[in-house]
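Peer 1: One structure, as structure tokens, below. Some questions next.
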Amino acid sequence: MPDCVRTILRDTTESQIGDIPGMMEYRKVLESLTECNIKLQEVMDKEAGKIPMSQASKLILNQLEKQYIEKREELRKIQAKYSWASDKKNPVQQSIADALMYIGFMKLV
């Protein structure tokens, strides 16, 4: 994890994140997106090397891909709604949002 992200997370309390309008909503959607990605990866790992892929796994993958697209769209809507996600007027809030996004994607690695 980059030092700047570590510093932001260390210096930012849960209540400070909650004080930023829309940040908790953003965090919840990001967490559900991360869970969707993890489930997607689990199915892909399970089916690795199998040709053709089982019908059940195809259905699960289709559902997860739809959820993923929906969650990404929710994130875009939240980002469009709040200034911390759409511009650089408040670099601290932007950094917190970036840190949350980074953590969400690092769970996939």
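Peer 1: In the structure displayed, which of 39/81; 46/66; 28/58 lie more than 23 Å apart, Cα to Cα? If you can, show how the numbers build up before the last one.
Peer 2: Values: 39/81 29 Å; 46/66 20 Å; 28/58 27 Å.
39/81; 28/58, as the Cα separations exceed 23 Å there.
Peer 1: Once R0 is set to 25 Å, what does the formula 1/(1 + (r/R0)^6) return for the Cβ-Cβ distance between residue 62 and residue 24, expressed as a FRET efficiency to the nearest 0.05?
Peer 2: Once the sixth-power term is evaluated, E becomes 0.25.
Throughout, read-outs are computed from the coordinates displayed, never taken from laboratory work. All figures in this text were calculated on a predicted structure; none of them were measured in a lab. Positions of Cβ are backbone-derived with ideal geometry, glycine not excepted, and every protein chain shown enters the neighbour counts.
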